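The values are calculated or read from the model by the stated rules, or taken from the named source; none is laboratory data. Owing to the predicted nature of the structure, the values given are computational and were not obtained by experimental measurement. FYI the Cβ positions are ideal-geometry reconstructions off the backbone, even for glycines, and counts take in every protein chain you see. The accessibility values were calculated without ligands, DNA or RNA, using every heavy atom of the protein model including side chains. Shrake-Rupley method; radii C 1.70, N 1.55, O 1.52, S 1.80 Å.
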Amino acid sequence: AYERRFPTCPLIPMFVASDTVNEYKSEDEAIHVIERRCKLDIDAPRLLKKIAGVDYVYFVQKNSLNRRERTLHIEAYNETFSNRVIINEHCSYTVHPDNEDWTCFEQSASLDIKSFFGFESTVEKIAMKQYTSNIKKGKEIIEYYLKQLEEEGITFVPRWTPPVACKSESSTSYTRRPVSPAINIPDSATKEGLNNKEILNTSSSPSEPTAGTPDDKLDADYIKRYLGDLTPMQESCLIRLRQWLQETHKGKIPKDEHILRFLRARDFNIDKAREILCQSLTWRKQHQVDYILDTWNPPQVLQDYYAGGWHHHDKDGRPLYVLRLGQMDTKGLVRALGEEALLRYVLSINEEGLRRCEENTKVFGRPKALFTTSGSWTCLVDLEGLNMRHLWRPGVKALLRIIEVVEANYPETLGRLLILRAPRVFPVLWTLVSPFIDDNTRKKFLIYAGNDYQGPGGLLDYIDKEIIPDFLGGECMCEVPEGGLVPKSLYRTAEELENEDIKLWTETIYQSASVFKGAPHEVLIQIVDASSVITWDFDVCKGDIVFNIFHSKRAPQPPKKDSLGAHSITSPGGNNVQLIDKVWQLGRDYSMVESPLICKEGESVQGSHVTRWPGFYILQWKFHTMPACATTNLPRVDDVLASLQVSSHKCKVMYYTEVIGSEDFRGSMTSLESSHSGFSQLSAATTSSSQSHSSSMISR
């Protein structure tokens with residue numbers, strides 16, 4: 001089908017013609033390489049074409065078909081203006097590694113404009129516009145030719161088999177197998193940001209087992225019971241994202257249901273889902289959210305006056321949470337508890353919701369919550385009694401922050417939101433909060449004014465009559481607190497609330513640090529007894545860093561916290577301490593005791609070092625700078641621009657360190673395992689994996 005777009009393609013108007021300049025075929029016909037010179041009529045302003053002195057642009061395209069490996073690689077580069085503009089493009093069709101009935105398509109390109117008669121910016125925009133247009137048409141074109149083949153009666157293509165003369169007794173036997181007609185690819189697969197990767201399911205047979213379950217498979221029963229309905233493209237995205245997590249977190253990864261929520265929240269855009277998932281895992285780890293249900297008891301004020309609680313389940317089997325917001329004194333709760341206590345209580349509700357969803361999946365035998373989603377619940381909000389008191393500015397501010405945190409860390413957990421008895425003041429509140437709610441989440445809102453919820457399309461469509469709460473006219477007694485005004489005697493001063501808030505969110509063993517180019521973050525550890533064990537556990541939240549460990553016999557000067565090297569700027573939201581004096585020389589004043597470790601954004605790193613000498617050890621997180629071009633001593637453009645914009649060279653790490661006696665470590669000295677792991681309990685497994693370096697262990 002791909003070959004049919006040559007020598008010209010009516011679906012690509014800019015593709016005027018092409019000539020074959022070189023062709024090669026192997027003797028066994030497994031390899032076919034063809035090189036073409038393609039003539040393009042670029043959609044550019046006439047003035048620009050006149051200045052450039054050309055009407056057409058020529059590209060060289062090389063297609064390499066390997067029938068043995070079942071791959072097609074396409075490389076293209078520009079011949080016209082190659083001394084001014086460099087364009088390289090690479091495409092590939094390959095067989096999916098987990099299911100040989102799937103075809104993967106991947107496309108990437110680079111553009112480097114050195115100079116173009118002063119029209120560099122214009123050329124860049126034209127190139128990007130043309131490239132984006134080609135990407136969007138790629139699926140349409142290949143489907144056009146697949147359909148054309150079907151209309152000609154070509155419904156299968158035999159697999160390549162080696163000639164009889166080339167076979168040996170030990171050679172693999174190949175059989176011909178039919179290929180069913182192509183099916184439409186979901187439009188979501190072609191959205192921008194999916195690295196232009198598409199999965200085409202060209203077989204009507206069930207997909208083969210792939211990685212995902214405890215047995216490293218994603219079979220149909222597992223998907224149906226725990227994940228809900230998935231298309232082949234969605235299943236592939238889940239597998240790829242989980243594999244990436246396994247490579248960077250070494251087994252300490254969330255369950256498939258949790259990963260799937262983040263993929264759904266970003267329409268299965270892997271890059272975007274990976275970003276928010278890593279941020280959420282770091283957030284959970286920093287604030288010990290995994291332990292909130294077991295270690296935190298809500299204050300009595302919340303138990304008495306927070307008008308919300310769990311109440312049976314809806315008709316789809318989702319856990320049902322009832323919130324009588326109109327009866328709740330939000331101002332009183334904020335004045336008595338502060339934002340942080342309210343936020344923590346809402347987080348505990350969400351954690352309880354996740355737990356109840358797992359229990360419901362076991363009871364119903366499948367994620368009944370949605371036929372396309374697992375692990376969600378229904379929320380019923382009664383607004384009877386809502387008035388201007390609920391629009392108190394600090395209360396709304398607390399509500400917006402809660403929405404922001406929940407949206408970022410519990411995506412796709414809300415199956416449906418039923419808002420009942422919305423009063424006239426509700427549009428004002430909705431105007432304030434709706435911009436902070438994700439579009440996908442807003443689609444799940446059903447809003448009823450007055451008693452509309454009692455009519456057709458109302459509450460009975462979603463909740464069984466037997467469990468409708470009594471305060472909504474039902475017969476079921478609801479044990480949700482009635483709320484009411486919080487006594488002013490329970491109000492706290494602003495200073496008391498501030499101290500309490502600090503206490504709540506500093507109950508973590510992890511610390512945050514900012515790392516700038518030229519301003520590493522360093523931690524000093526004094527060792528009295530040799531053979532002690534220094535352990536560390538850190539996450540790279542932003543940017544790439546280099547991790548080093550140094551030893552010095554003398555103590556460094558007191559740390560400088562206020563300025564960051566030559567930049568003389570403070571670091572908001574993260575500490576930055578520099579210990580190694582600029583006059584110190586490596587090898588004379590201090591020595592390196594571990595090889596530098598380059599850590600990429602999103603990685604979690606744990607390790608330990610058995611100290612050989614007493615003295616002062618310095619753990620250093622340093623900005624990772626890409627090596628400069630070796631062929632020139634001139635500074636690169638990127639370096640010049642970066643020096644003018646310091647903020648672009650900022651990394652963030654979250655770390656925990658501890659010194660432990662060797663006798664207190666579990667395991668042998670050649671395979672050390674820290675007993676203070678802070679990884680998320682959302683992990684399905686907590687196995688450890690490490691790389692041993694003589695007297696130390698570093699693992700990601």
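Details
- Counting only protein chain heavy atoms and rolling a 1.4 Å probe, the accessible areas of F538, F156, F59 rank, largest first, as F156, F59, F538.
- Area accessible to solvent at T231, 1.4 Å probe radius, in Å²: 50 Å²
- In a reduced charge model with +1 at each Lys and Arg Cβ and -1 at each Asp and Glu Cβ, the range 2-152 shows a dipole moment near 880 debye about its Cα centre.
- Area of D98 that stays accessible when all protein chains are in place (1.4 Å probe, Å², to 10): 40 Å²
- Ordering L485, V428, L460 by Cα displacement along the dipole of the range 295-489 toward the positive end leaves V428 in first place; charges were set at the Cβ atoms of Lys, Arg (+1) and Asp, Glu (-1).
- Counted charge near K39, where neighbours are those whose Cβ lies closer than 12 Å (Asp, Glu -1; Lys, Arg +1): -2
- Calculated on the Cα set of the range 295-489, radius of gyration then Dmax: 16.2, 50 Å.
- Electrostatic bookkeeping for L485 treats Lys and Arg as +1 and Asp and Glu as -1; over the other residues with beta carbon under 13 Å from its beta carbon, the sum is +1.
- Given R0 = 25 Å, the distance between the Cβ atoms of D112 and S92 translates into a calculated FRET efficiency of 0.70.
- 3J(HN,Hα) along the range 310-323, derived from phi through the Karplus expression 6.51 cos²θ - 1.76 cosθ + 1.60 where θ = phi - 60°, amounts to 7, 8, 6, 8, 7, 5, 8, x, 6, x, 10, 10, 10, 10 Hz, with x in place of Gly and Pro.
- Less than 5 angstrom separates the built amide H of E412 from none of the residues sequence-distant by 5 or more or on a different chain.
- Gap separating the Cα centres of the range 584-623 and the range 72-140, nearest whole Å: 42 Å
- Packing rank of 317-326, 382-391, where each peptide gets the mean count of other beta carbons within 10 Å, highest leading: 317-326, 382-391
- Against the criterion of solvent-accessible heavy-atom surface with a 1.4 angstrom probe, V533, V659 sort, most first, into V659, V533.
- With the simple spin-label model, which puts each label point 7 Å out from Cα in the Cβ direction, the I31 to E384 separation comes to 7.9 nm.
- Ranking L619, L400 from most to least accessible surface, computed with a 1.4 Å probe over the protein chains only, gives L400, L619.
- Close amide-amide hydrogen proximity is noted between N576 and S514, each under 5 Å apart and 5 or more residues distant or on a separate chain (H modeled in the peptide plane; Pro and chain starts excluded).
- Rounded accessible area of V433 (nearest 10 Å², 1.4 Å probe): 10 Å²
- Subset of K285/K517; K285/K652; K39/K62 violating a 19 Å alpha-carbon distance limit: K285/K517
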